[in-house]
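All of the numbers you see were taken from the coordinates with simple rules; none came from a lab. Keep in mind it's a predicted model, so treat the numbers as computed, not measured. Don't worry about glycine lacking a Cβ; one is built from the backbone with ideal geometry, like all the others, and counts go over all protein chains shown.
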Amino acid sequence: MADRDRLTIELWILRYRPAQDEEPHFVSYTVTYTEEMSVLEALQSIKDEQDGSLSFRWSCRMAICGSCGMMIDGTPKLACSTFLRDLAPGPVKIAPLENFPIERDLVVTVADFVKKIESIYPFIMPKETKPVEAGEYLQTPAQMAAYEPFSDCINCMLCYAACPQFGANPDFIGPGAMALLQRYNGDSRDAGSRERLDLIHGEDGVWSCTAVGLCSEACPKLVDPANAVNQNKTNSAFDFFLRGLRKENHS
Amino acid sequence: MTRPPKRTIAPIFWLLFGAGGMLSALFGTGLVIVTGFLLPASPPSYQAAAAILHNPLAGLVALATIPLFFWHGAERLFLTLKDMRAGPRPLLALISYGAAAVGTLVTILLIFLMEFGS
Ligand code: SF4
Ligand code: FES
């Protein structure tokens, strides 16, 4: 492959600079790429060599920080784990994550998502706190397996960009937060299920979901957030009918 | 702490939907084959079909399956209409769940008439 290094591809990038643009519009850039080059690297080469004003988020470059999510040819993807060779011959359309307000270019506003994540008590609330000297909270491998997949979430918000119900109702707590909720509610060391469930019995809680399932397709970490939502529909439904029987052990 | 959000009554319809979905997954295909393909070849008389329902057990089965199928369909219809923004939510709920409720009442009535009427 003599011209292995001479491949070029056209990227259409949705640009929006609030101070100077009336509204978002696509701008075309052509980049030279190699087999192993990711979309993120292409964006970095554009920023370095063609237009230093292009804005996008990234950090780890290895699909663990969750900051480089964007719409690539209409699908929510991590730019650092999406390769140009799979998108050739192009042109490739790159846009900020769907369903979120654009801050600038490919950067979206995450404040609302962060608030949702914070709201579901994203930490273990043990039945009783023990002093450090008393040792660890033990757990069997089976108990760990019950929540482990949900703990793989990297908060990339791809599932939110894929979810039509979140698109229709931005107050919907959404798949990612439900995955995180299940990560703690499914943990044998935790005793906060009641508090967390109480947050999702409403219209904007788990019941906004209509089982579309695109969230689990979009998830780059195979977290299966749709499964977390479904489990909690069952939990919420049982609670709806059995709440009369439950012991009120918190005020 | 802010107060927890208000509950919705969605779980009622969701459980009916789930129960109907389970039954239709178990018996739906069989019913389609029997009533759609096998029976039309040699249709039984109305009396013969009605006679089946005189058996109390058959009556109970019909009483469980038919209404739950209605509720299963109603939930799908409601969510589809809601996603299409076909109208205000309460109206869509009234149309979909209302249809299932009417279907349920009519089913109960007819089966009782058949069981005890003649
Ligand atoms: S559930 Fe998956 S897609 Fe959603 S935020 Fe977590 S890692 Fe990203
Ligand atoms: S840069 Fe961290 S996930 Fe892509």
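Which one, B:Leu81, B:Leu53, B:Leu38, projects farthest toward the positive side of the charge dipole computed for chain B from Cβ point charges (K/R +1, D/E -1)?
Of the options given, the answer is B:Leu81.
Just need the relative contact order of segment A:151-221 here, percent rounded to a whole number, with Cα pairs under 8 Å and 6+ apart.
Rounded, it is 43 percent for segment A:151-221.
Taking amide hydrogens as modeled 1.01 Å from N in the peptide plane, which residues meet the under 5 Å criterion relative to A:Lys93, leaving out close sequence neighbours?
A:Trp12, A:Asp73
Note the per residue figure in Å³ for the convex hull of the C-alpha positions in segment A:3-108.
95 Å³
Looking only at A:Gly167, A:Gly52, A:Gly186, which one moves most when chain A is put into a Gaussian network model with springs between Cα atoms under 10 Å?
Comparing A:Gly167, A:Gly52, A:Gly186 in the GNM, the peak value goes to A:Gly52.
Would you work out the relative contact order for chain B, in percent, from Cα pairs under 8 angstrom that are 6 or more residues apart?
It comes to 34 percent, rounded to a whole number.
Using Cα springs under 10 Å in a Gaussian network model of chain B, which residue among B:Leu31, B:Leu15, B:Leu92 shows the largest mean-square fluctuation?
B:Leu31
Which of A:Lys116, A:Lys93, A:Lys127 moves the most in a Gaussian network model of chain A with Cα springs under 10 Å?
Looking only at A:Lys116, A:Lys93, A:Lys127, the biggest GNM fluctuation is shown by A:Lys127.
Just in segment A:14-78: which GluC sites (Glu not before Pro) are loop by DSSP and have at most 12 other Cβ atoms within 10 Å?
In loop regions of segment A:14-78 (DSSP not H, G, I, E or B), the sparsely surrounded GluC sites (Glu not before Pro) are A:Glu22, A:Glu35, A:Glu36.
Counting other Cβ atoms within 10 Å, which GluC sites (Glu not before Pro) in segment A:128-198 have at most 13 and lie in a DSSP loop?
The qualifying sites are A:Glu128, A:Glu136.
With an 8 Å Cα cut-off and a minimum separation of 6 or more residues, compute the relative contact order for segment A:3-108 in percent.
Normalised by residue count, the contact order of segment A:3-108 is 32 percent.
Can you run phi through the Karplus equation (6.51, -1.76, 1.60; θ = phi - 60°) for segment A:142-157 and list ³J(HN,Hα) in whole Hz, with x for Gly and Pro?
Using θ = phi - 60°, the values come out as 5, 5, 6, 4, 5, 10, 3, x, 6, 7, 7, 4, 10, 6, 7, 6 Hz.
Quick one: dipole size for segment A:72-132, taken about the Cα centre, charges +1 on Lys/Arg Cβ and -1 on Asp/Glu Cβ, in debye to the nearest 20.
The dipole of segment A:72-132 has a size of about 200 debye.
So what are the ³J(HN,Hα) numbers for segment A:100-105, from phi and the Karplus equation (6.51, -1.76, 1.60; θ = phi - 60°), rounded to whole Hz, Gly and Pro as x?
For segment A:100-105, the Karplus-derived couplings read 10, x, 7, 8, 6, 6 Hz, x marking Gly and Pro.
Is the shape of segment A:127-251 best called rounded, prolate or oblate, per the rule: a/c under 1.5 gives rounded, else a/b larger than b/c gives prolate, else oblate, with a ≥ b ≥ c the square roots of the Cα gyration tensor eigenvalues?
oblate
Counting DSSP beta bridges in the protein assembly as shown, what percent are antiparallel, to the nearest 5?
Bridges in the protein assembly as shown are about 85 percent antiparallel.
Which of the listed residues, A:Asn155, A:Ala95, A:Ser236, is farthest toward the dipole's positive end in the protein assembly as shown, when Lys, Arg count +1 and Asp, Glu count -1 at the beta-carbon?
Among A:Asn155, A:Ala95, A:Ser236, the one farthest towards the positive end of the dipole of the protein assembly as shown is A:Ser236.
Provide a whole-number value for the mean count of partner chain Cβ atoms within 10 Å of the Cβ atoms in peptide A:165-176.
Taking all residues of A:165-176 together, the mean is 1.
Evaluate the protein assembly as shown: find the radius of gyration of its Cα atoms, find its Kirkwood radius, and give the ratio Rg to Rh.
Taking Rh as the inverse mean 1/r over Cα pairs, Rg/Rh reads 1.09.
Once the Cβ-Cβ distance between B:Ala99 and A:Leu222 is put in as r, and R0 is 51 Å, what FRET efficiency do you end up with, to the nearest 0.05? Provide the component values of the computation, followed by the final result.
Details: r = 40 Å, r/R0 = 0.78.
Rounded to the nearest 0.05, the efficiency is 0.80.
Would you mind checking which residues have amide H under 5 Å from A:Glu203's amide H? H placed 1.01 Å from N; only 5 or more apart, or other chain.
B:Thr8
Charges at C-beta only: +1 for Lys and Arg, -1 for Asp and Glu. How large is the resulting dipole of segment A:111-250 about its Cα centre, in Debye rounded to 20? Provide the component values of the computation, followed by the final result.
Values: 13 positive and 18 negative charges, 49 e Å.
Taking the Cα centre of segment A:111-250 as origin, the dipole is about 240 debye.
Quote the FRET efficiency, to the nearest 0.05, computed for B:Leu113 versus B:Leu38 with a Förster distance R0 of 25 Å and r equal to the Cβ-Cβ distance.
With a Förster radius of 25 Å, E is 0.40.
When N counts the residues of segment B:13-107, how does its alpha-carbon radius of gyration compare numerically with 2.2 N^0.38 Å, as a ratio?
Cα Rg divided by the expected 2.2 N^0.38 Å: 1.26.
Which distance in nm do the two modelled labels at A:Ala142 and B:Leu77 give, with both placed 7 Å along the Cα-to-Cβ direction?
In this crude label model, A:Ala142 to B:Leu77 measures out at 4.5 nm.
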